[in-house]
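The values are calculated or read from the model by the stated rules, or taken from the named source; none is laboratory data. These figures come from a predicted structure and were not determined experimentally. When we count neighbours, we look across all protein chains shown, and the Cβ atoms used for this are built from the backbone with ideal geometry, even at glycine. Quick note on the areas: whole protein, heavy atoms, side chains included, nothing else; ligands and nucleic acids left out. Shrake-Rupley method; radii C 1.70, N 1.55, O 1.52, S 1.80 Å.
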Amino acid sequence: MGAKHKLLTLAQKLAMLPEAGLPQKFMTVAGHPKWHAPKFSKRRLADLKKEALAAGHQWPMAEYEKPERPAGKSFHETRIFFSKGHKDERLRPQREANIAKNMAEMPAKIAAWREAKKASKSKETSELQKILSSDKAEY
């Protein structure tokens, strides 16, 4: 099947579209519907589209293509119907606001931590000095 399409020219292939690019529904002898695969796979359609646009032809399957997603938006933001999405996507703005608030408070927290650390070190040295300076520490 692939070799047969190789022999066709670009114009002949474009003339077969859009029917050859879509699955076809046929009725069997018993009256049951049966689906036939498209004559051109999605990969071959993509190659054919590139070739047709490079040659300056109009692409006949344009109305069957999905619209492209805007850059920078996630899958769930572009859906027509509301989709729950991933939890991290839903909570990201709240999390970023919390991080910004905490970063604004960070210099004060660091200064308080340094003061506490300095006080604890001086307290330890003073107790050590008390032990060393006492007269009872003689052995």
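Assorted remarks:
- Theoretical gain in end-to-end length, K42 to A54 [0.36 nm per residue, Cα-Cα removed]: 2.5 nm
- Nitroxide proxy distance, nm - points 7 Å out along Cα→Cβ at Q129 and A97: 5.1 nm
- Cα→Cβ-extended label distance, 7 Å offset, between S122 and F26, nm: 9.4 nm
- Taking all protein chains into account, the per residue accessible area for segment 10-64 stands at 74 Å² (1.4 Å probe).
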